Amino acid sequence: MMDLTLLTILAPALAAGLLVLSTHVVLGRQVLKRGIIFIDLAIAQIAALGAVLVHTRHWLHDADGHQHLLGLDYLVPALFALGGAALIALLERRFKAELEALIGCLYVLSAVAAMLLLAGDPHGGELLKQLLSGQILWTDWPSLVGPVLITVLCLGLLLWRPDVLEGPLFYVLFALVITFSVQLVGVYLVFSSLILPALAVNRMSGKSALFWGYGVGVLGYASGLWLSAGLDLPSGATIVCTLSLAAVLVRVSVRGQGSR
């Protein structure tokens, strides 16, 4: 049984996971529909490149390591992600047949660019690990204020204008959501939160697909956090594994229910 201290640690971490899932289950289904599976990895990595740039530009920090301008940790990655999304939207119009390959190239280029920027940084390896695997267990309530606002705005927009998912504004919405998600849970969990629930319910439609998709996400995050805390395992990697298991279980157990 968990004690109160452990619960107080897990509560904001689970809240962060639920915030990510609230938008990613819907966006992930659209990613599969468009056939651009690796767009999430690419834009997440481009946003991470923006975070690395902020970290390595020492003129942005004072002698104590604090930023001269607050909010750069989110502003610069968001600008990078929006730029990446705009580029992918342009590529979709001109090179649709090769789009997935080009998105993969963008991911690789942004990943190696981040490695080159961090090559001379003694703490570069730790930052890169944090951006990839995330540190969801260290999430606190104040750090969720910005993501909550962005999530509410995005969900409100989707309820008001669901057709946004079908047009070019999808890329703008996607980039903004991914920026905050990477900061919260890391690149690997961003990809897993988008794709695994979507794959689990890919043969379903309507409200039942969303119900089971969110179920996969909640089960994956809750069980992953519980296992990582109880067994002292890396939280990001553990949640990816439990999300995968939950996706397989749902895909097998509800096969044929509400299918298209």
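The values are calculated or read from the model by the stated rules, or taken from the named source; none is laboratory data. Here the structure is a predicted model, which is why all the values come from computation and not from measurement. As a convention, Cβ positions derive from the backbone with ideal geometry for all residues, glycine included, and neighbour counts pool all protein chains shown. Ligands, DNA and RNA are stripped out before the accessible areas are found, and what is left, the full protein with its side chains, is counted by its heavy atoms. Shrake-Rupley method; radii C 1.70, N 1.55, O 1.52, S 1.80 Å.
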For the stretch 138-152, give me the residue count where each residue is open to solvent by 40 Å² or more (accessible area, probe 1.4 Å), among the hydrophobic types (A, V, I, L, M, F, W, C) and over 30 Å from Leu90 (Cβ atoms). 4
Which residue is modelled with the highest pLDDT, if the candidates are limited to the stretch 153-181 and must be within 13 Å of His24 (Cα to Cα) and open to solvent by 40 Å² or more (accessible area, probe 1.4 Å)? Leu155
Among the residues of the stretch 204-221, is there at least one that is open to solvent by 60 Å² or more (accessible area, probe 1.4 Å), modelled with pLDDT under 90 and either at positive phi or within 13 Å of the chain's Cα centre (by Cα) (or both)? no
Restricting the stretch 68-80 to residues that are loosely packed, with under 14 Cβ neighbours inside 10 Å and in contact with a helix residue (DSSP H, G or I) (Cβ under 8 Å, 6 or more places away or on another chain), which is modelled with the highest pLDDT? Leu69
Has the stretch 230-238 got at least one residue that is open to solvent by 10 Å² or more (accessible area, probe 1.4 Å), more than 30 Å from Ile9 (Cα to Cα) and of a type in the set (Val, Ile, Thr)? no
Quick check: anything in the stretch 241-255 in contact with a Phe, Trp or Tyr (Cβ under 8 Å, 6 or more places away or on another chain), surrounded by fewer than 18 Cβ atoms within 10 Å (Cβ to Cβ) and closer than 21 Å to Leu14 by Cα? no
Among helices (runs of 4 or more DSSP H) lying entirely in the stretch 81-176, which contain 2 or more residues that are of a type in the set (D, E, K, R) and out of contact with any helix residue (DSSP H, G or I) (no Cβ under 8 Å at 6 or more places or on another chain)? 124-133
Between residues in the stretch 34-52 that are touching a residue at least 24 places away in the same chain (Cβ under 8 Å) and among the small types (Gly, Ala, Ser) and residues that are part of a loop (DSSP other than H, G, I, E, B) and surrounded by fewer than 24 Cβ atoms within 10 Å (Cβ to Cβ), which pairs lie under 6 Å by C-beta distance while being six or more apart or on different chains? none
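Is there a residue in the stretch 81-89 that is of a type in the set (Val, Ile, Thr) and either more than 16 Å from Thr179 (Cβ to Cβ) or modelled with pLDDT under 90 (or both)? Let's see the steps before the verdict.
Looking only at the stretch 81-89, we keep the residues that are of a type in the set (Val, Ile, Thr), and these are 88.
Retained after the next criterion (residues that are either more than 16 Å from Thr179 (Cβ to Cβ) or modelled with pLDDT under 90 (or both)): none.
Taking every residue of the stretch 81-89 in turn, none turns out to be of a type in the set (Val, Ile, Thr) and either more than 16 Å from Thr179 (Cβ to Cβ) or modelled with pLDDT under 90 (or both).
In the stretch 20-40, what count of residues is obtained for those that are assigned to a helix (DSSP H, G or I) and open to solvent by less than 30 Å² (accessible area, probe 1.4 Å)?
At the first step, the residues of the stretch 20-40 found to be assigned to a helix (DSSP H, G or I) are 20-34, 39-40.
Checking which are open to solvent by less than 30 Å² (accessible area, probe 1.4 Å) leaves us with 20-25, 27-28, 30-31, 39-40.
Count: 12.
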